[in-house]
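Read the structure below first, then the notes.
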Amino acid sequence: MKAAKPMDATSSVMRPGKATRRNAQTSPDGPAGSVAPLEVKAPAADKSAKTPQASFPNYPAANPTARTNGKVFFSRGEANYVCSASIVASEGRSLVWTAGHCLAENAVWSSNVAFVPAYSAGSEPYGTWYAKNLTTTAEWFYNHEWDYDVGAMTMTPTAGVRIADYLGAQGIMWNQTAGYTSNAFGYPAGSPYDGEYLVRADGDTADEGDNTIYMYSGLTGGSSGGPWFRNFNETSGLGFVNGHNDFIYTNSPAWMYSPYYGGQVSGLCNAVRYQEVYKLTTATPKISGSAKVGKVLTAVPGTWKPSPVTLAYQWKINGKVLSGATASTLTVPAAAKGKKITVTVTGSKVGYSTASKTSASTAKVKVGSLSAATPTVTGTAVVGQVLTANAGSWAPAPVALSYQWYRNSSKIKRATGATYTLVQADKGKKIKVKVTGKKSGFTTLSKVSKKTATVKAV
């Protein structure tokens, strides 16, 4: 067997809450859950990788099934051992799933833990990845309870690249039905196998009770930790881990057993899913534009890395969220008058922790200024004729308009509509109209038309 490279790994024991013991039928102990597989473009593999034996699945190294499965090398005491494992999807993009006993036994942690994806006859087409953190359940670590024999490894990135970002990842499920059609994988090293090739065994699982399930596989030692896929897609090479090669009984070695994936699996996933999540490089946003009602403010987010980062915006008035204000620009509403405005920018990127930054406040928002054209008057300046006020364009729309007609410089009583019918008193006078615009948060504005010609008699 191959010795793994020494490394420093931390370890942790987690207790998800002890599942209810069932001496008869195994069933879910909580809500069903899953994490979807992660598909990535195949990286270039080492061309020296050897072809598996003809009786074994002839997956090229670039196949998602091959590159997300691999062989585990580790030490315990003075002895070296092997197991199997698979990359599973998580927020941290660094999770490898295996059996708990590959990581710890009798309250002793394994050391020198290394994972070789797509291992084949000594070749390492995607290199060797080293565990930085080992996690299993307290029930397995302290009490050797087989139905809690699950484990996860958080892998150290290689050259700053996380393993799932590089190779993709399988999904994982829990609290599903105990019986399903399974596609099991692993690197069995016991006769008739030699541990050098990925082996596949297909079959139906059955309920053993006591939170364990089993299937006929014929896989041997060394395959421990290898996944049992549910809903495996032959085309994509991806599925959901819903069990693993865990233990056999000596009197019936062809039957492989797995813990039933229930609360212990969901608990373990939740304990490690954010390990190795990266932090975004953020910037404090700025606001450009005039803090005045009706004016447009623009959020300037600055540089967020690594690009591309998805940015979301939320504008606030005096620290309170402004409903619906989620664009990179904001037309200052009347409600902001006399208050201060900020914008919060939130950056998100798969495999990175979401981050938010808030700008400095603007100055207190000033009253807005309306803009308007000078009104005009149409119609014939003859007693009995109708004059019409044309207000022109007022902004920002909508603006509430009112009218007042004048005879020379004197207000005409009750002449407050958009039209005015000339009367006998207007003869020999000139007529004009004043249009006044009002809008909440804005200074009231009035515009006066030019005078008409002198009004004539009929």
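Laid out as a table, the results:
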{"quantity": "Where only alpha carbons of segment 279-367 are counted, the Rg and the Dmax (Å)", "calculated": "13.3, 45"}
{"quantity": "MRE, 222 nm, helices only [DSSP H, n ≥ 4, -39500 (n - 2.57), over the chain, to nearest 500]", "calculated": "-1500 deg cm²/dmol"}
{"quantity": "Rounded to whole Å, sorted largest first: equivalent-ellipsoid semi-axes of segment 10-276, Cα gyration tensor", "calculated": "25, 20, 18"}
{"quantity": "Greater than 27 Å apart at Cα, pairs in Lys413/Lys450; Lys295/Lys451; Lys357/Lys439; Lys286/Lys337; Lys305/Lys366; Lys286/Lys366", "calculated": "Lys295/Lys451; Lys357/Lys439; Lys305/Lys366"}
{"quantity": "Residues in segment 358-378 reached by a label modelled at Val321 [backbone nitrogen below 18 Å; 7 Å Cα→Cβ]", "calculated": "358-359"}
{"quantity": "Pairs of Lys in segment 10-276 closer than 23 Å at Cα, counting only those 8 or more apart or on different chains", "calculated": "5"}
{"quantity": "Under the Debye formula (equal points on every Cα, no solvent term), log10 I(q)/I(0) of segment 354-458 at q = 0.17 Å⁻¹", "calculated": "-0.77"}
{"quantity": "Where no second cysteine Cβ lies under 4.7 Å, the cysteines concerned in the chain", "calculated": "Cys269"}
{"quantity": "Mean Cα-pair separation over length for segment 148-259, i.e. relative contact order, pairs under 8 Å, 6 or more apart, %", "calculated": "26"}
{"quantity": "For the chain, alpha-carbon Rg over 2.2 N^0.38 Å", "calculated": "1.64"}
{"quantity": "Computed E for Thr376/Lys411 - FRET, C-beta separation, R0 22 angstrom, nearest 0.05", "calculated": "0.65"}
{"quantity": "Label-reachable residues, segment 408-434, where backbone N falls under 16 Å from a point 7 Å from Val458's Cα toward its Cβ", "calculated": "421-428"}
{"quantity": "Nearest-20 debye value, the chain charge dipole, Cβ charges on Lys, Arg, Asp, Glu", "calculated": "6600"}
{"quantity": "Potential lengthening between Lys430 and Ala206 on full extension [0.36 nm per residue; Cα-Cα distance subtracted]", "calculated": "70.6 nm"}
{"quantity": "Taking the convex hull of Cα positions in segment 174-311, its mean projected area over all directions (nm²)", "calculated": "14.2"}
{"quantity": "Length gained when the stretch Asn390-Asn233 is fully extended (0.36 nm per residue, less Cα-Cα span)", "calculated": "49.5 nm"}
{"quantity": "Relative contact order of the chain, pairs being alpha-carbon contacts under 8 Å that are 6 or more residues apart, as %", "calculated": "13"}
{"quantity": "Principal-axis tilt of helix 263-272 within the chain, Cα atoms, nearest 10 degrees", "calculated": "70"}
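Quick note: the coordinates plus some simple rules give every number you see, no bench work behind them. Just so it is clear, the model here is predicted, and its values are computed rather than measured. Positions of Cβ are generated from backbone atoms using ideal geometry, with glycine treated the same way; all protein chains shown enter the neighbour counts.
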